[in-house]
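Where a number appears in this text, it was derived from the coordinates with a stated rule and is not lab data. The structure displayed is predicted, hence computed values, not measured ones. All Cβ positions, even for glycine, are placed from backbone atoms using ideal geometry, and neighbour counts span all protein chains on display.
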Amino acid sequence: MNKKEFSQALRHGIGSAIIELQNSEDKSAYREFVLRCCLRDISYDWQSVGTKGVYLYNAICALDERDYYDFEKVIMERFLSRCNDRLLCQLLSILDCYIWDGSVMAKNAVHEKYNYFVSKKGRLAKHSNIDEGFQWDEVANQLFYIDGFSAFKRYVTDVGEILHKNPNNKRTYYDDWFSYRAKEKFGEKRISDYFTEMHDKSKAVRAIVEANKADELSRKQYNENREQENVTIPDLVEAALHASACDNPRWNMKHRLRMQFRKNATEADFIELAKTIVNHENDTVKSLLLLVFQGKYLFPLEISPLIEYAQSNNELLTETAIDRLKEFKDKRIHDLAIRLLETKGVHSFALALLTNNYQKSDDVIIAKAVAKSASIPHHVQQDIRDIYNKHRSTNAFPTLLRVYKGGECSFCREWIVRAMNHCGVLSDEMLEECLFDSYDGTRKYAKRVLSRR
C-alpha cells in the first residue's frame, strides 16, 4: 500500500489502513496522515453512522508510544478551541477512548469544555456549522458515561438555571436528545423519579420539566394541525413553482406537503397529478411534482414520459425520472440504462435502473463505467449495493472492490461487503480487514461470517 492508497483508506475508515499501520516497520511515515485525519472531520454521514473517532484511536494506538501521548495533547488543544459540530463530535469520541484507557488529562479536558459552556450562561453561539447548544449537549452526554448520574444532575441544574432566568432560551439544550439519552443511560424510571422528587425542591429542575412539557404540547399541536391539513394538486403545483425559482429547488420543495398529499389522496388524485406533470411546461416543476411518487406510490400512467424525462437536459428532471423508473421492470428501461451508461457513465444515475432490470451480460458494461469514474459518488455506492445484493454474479468482484475502496459512506460499505458475500467473492483476507472497519455494522458482520467459516 503506497501513501496515497493509505491516505484514502484512512479517510474512508477502511480496515486495511489499520492493518498497514500495525504491520509497518516505519510507522513514522504515516504519522502526518493520521494526525491530519484526527484534526479534520472525516465523517461522511455522522448522524447516521457516527464519527470515525474510535477508528482513529485505533490508528493512533498502532503508531509509536511517543506518538500516542503527543497526539493526545494536540487533540485536547483542538477540542478545547472553537470547532464545528462534526469535528467536536469526532474529537470527543477520540478523547473518550483515551479516558477509558485511563487518561486523566483527557477526562479533565472534557470537564473543561463542559465548564466553558456553563460559563457562557446561555449566550451560546449558533451559526451554520457551530451550534454550542448542541455541542454542550454532546459533551454532557459523554459525561453521563464517565461520571454517572452526578453528571446528569449537574447538567439538569446548569441548564435549568438558565431556563429559569430566561424561559425563552429554548436552544440552550436539545430536549429530545437530552431526554432520550438520559433515559437510555439511566432508565426512564430513574429519570422520572428524580424529576418528581426534585420538582418542588429545585427551580432549575422545575424549569426543565416545564420546558419539556411545553415542547411536548407544541409538537402535539403541530401534529394535530398537520393531520387536518388537506393538500391539493394546486397546492403542490404552487409550492413547486415557488421552489423552482430558488437556488436549490429540491431542498425548497416542502417534504411535508408531499407526505400530507399522499396520506389523503385517492387513486384518482394520483392519476390526476401524473397528468398534471405530463402537461406542465416547466421541467423543474415536473421534477418536483414527481417526488410525490416514491416507494409504494408508483407513477400511475404509462412510463413513456418518464423514459423521455430521463434523457432531459434538466439534471433534476433526469435524476427524478430515473428514481421513479427504477421501481419498474421493463426492457425499455434496461436498454435506456445501458445506453446512458455507455454514453454518460455512472454520473447519469443510470445504474439505479438496473436494480430491477439487471442481466448477467451487464457486468462488463457496469465494470467499465465504474472503472472510468474518477470518484465513487454516494448514489453509485447505493446502486451497486442494491444491484448485487439482489442479483448474484462472480464477475461482479472488480466493481464491488472499486466501490468498496472508493466510496465514502461506511454504511453503504457494509452492504458492499454483504454483496461480495452474496456473490460468493468475499475472501477471508477481506473479512479480516473488515474487522478493523470504522463502522460497527461492518465489523459485526465480518465477525459473524468468519465464525461460520
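List of remarks:
- Vicinal HN-Hα couplings computed from phi for region 179-193 (Karplus, 6.51 cos²θ - 1.76 cosθ + 1.60; Hz; Gly/Pro x): 5, 4, 5, 4, 5, 5, 7, 10, x, 4, 5, 5, 5, 4, 5
- Taking 0.36 nm per residue of sequence separation and removing the Cα-Cα distance, the Glu32/Glu229 pair yields an extension gain of 65.3 nm.
- Here Cα extents along the principal axes in Å was calculated from the structure, and among (i) 88, 49, 36; (ii) 68, 64, 41; (iii) 128, 60, 44 it sits at label (ii).
- C-alpha center-to-center spacing [region 111-183, region 309-365] in angstrom: 48 Å
- Sequence-distant lysines (8 or more away, or on other chains) whose Cα lies within less than 17 Å of Lys275: Lys286
- Simple point charges give the picture: +1 on the Cβ of Lys and Arg, -1 on the Cβ of Asp and Glu, and for region 3-228 a dipole about the Cα centre of about 740 debye.
- With both labels modelled 7 Å from their Cα along Cα-to-Cβ, the Arg250 to Leu401 distance reads 3.2 nm.
- Using Cβ point charges alone (K and R +1, D and E -1), the dipole size of the chain about the Cα centre works out to roughly 360 debye.
- Taking the chain and dividing mean pair separation by its residue count, relative contact order in percent (alpha carbons under 8 Å, at least six apart): 13 percent
- The HN-Hα couplings worked out from phi for region 271-288 by the Karplus form 6.51 cos²θ - 1.76 cosθ + 1.60 (θ = phi - 60°) are 5, 5, 5, 4, 5, 4, 4, 4, 8, 6, 8, 8, 5, 5, 4, 4, 5, 6 Hz, whole numbers, x standing for Gly and Pro.
- When Ile366, Ile146 are arranged by Cβ crowding within 10 Å, least crowded first, meaning fewest neighbours, the order is Ile146, Ile366.
- Each of Leu241 and Ser361 was given a label point 7 Å from its Cα along the Cα-to-Cβ line. The distance between the two points is 4.8 nm.
- Relative to the current alpha-carbon distance between Asn313 and Ser427, full extension at 0.36 nm per residue lengthens the span by 36.8 nm.
- Shape class of region 230-325 from the Cα gyration tensor (axes a ≥ b ≥ c, square roots of the eigenvalues): oblate, since a/c reaches 1.5 or more and a/b does not exceed b/c.
- The GluC sites (Glu not before Pro) of region 1-86 that DSSP puts in a loop, and whose beta carbon has at most 10 other beta carbons within 10 Å, are Glu25.
- Rel. contact order, % - alpha carbon contacts under 8 angstrom, at least six apart, region 230-325: 26 percent
- As a rough footprinting exposure proxy, the listed residues Leu401, Leu341 were ranked by other beta carbons within 10 Å of their own, and the order from fewest upward is Leu401, Leu341.
- Positive-end ranking of Asn313, Ile277, Tyr55 along the dipole of the chain, with charges on Cβ about the Cα centre, is headed by Tyr55.
- Summed residue charge, Cβ within 10 Å of Glu408's Cβ, Lys/Arg positive, Asp/Glu negative: +1
- Taking a point 7 Å from the Cα of His127 along the Cα-to-Cβ direction, the residues of region 76-93 with backbone N closer than 20 Å to it are 77-92.
- Listed by chain and number, the lysines placed with their C-alpha closer than 24 angstrom to that of Lys121 are Lys107, Lys113, Lys153, Lys165, Lys170, Lys201, Lys203, Lys213; residues fewer than eight positions away on the same chain are left out.
- A simple spin-label model places the labels of Gln221 and Thr196 2.8 nm from each other, with each point 7 Å out along Cα-to-Cβ.
- The chain: Cys lacking any partner C-beta under 4.7 angstrom: Cys37, Cys38, Cys61, Cys83, Cys89, Cys97, Cys246, Cys423, Cys434
- Residues with amide H under 5 Å from that of Asp131, placed H, sequence gap 5 or more: Asp85
- Over region 332-453, relative contact order from alpha-carbon pairs under 8 Å, at least 6 apart, %: 20 percent
- Here Thr320, Thr196, Thr355 are placed in order of increasing Cβ neighbour count within 10 Å, fewest first, which gives Thr196, Thr355, Thr320.
- Couplings for region 354-367, taken from phi via the Karplus curve 6.51 cos²θ - 1.76 cosθ + 1.60 with θ = phi - 60°, read 8, 4, 9, 10, 5, 10, 3, 5, 6, 3, 5, 5, 4, 4 Hz in order; Gly and Pro are left as x.
- Per residue of the chain, the DSSP helices (runs of n ≥ 4 H) give a summed -39500 (n - 2.57) that works out to -21500 deg cm²/dmol at 222 nm.
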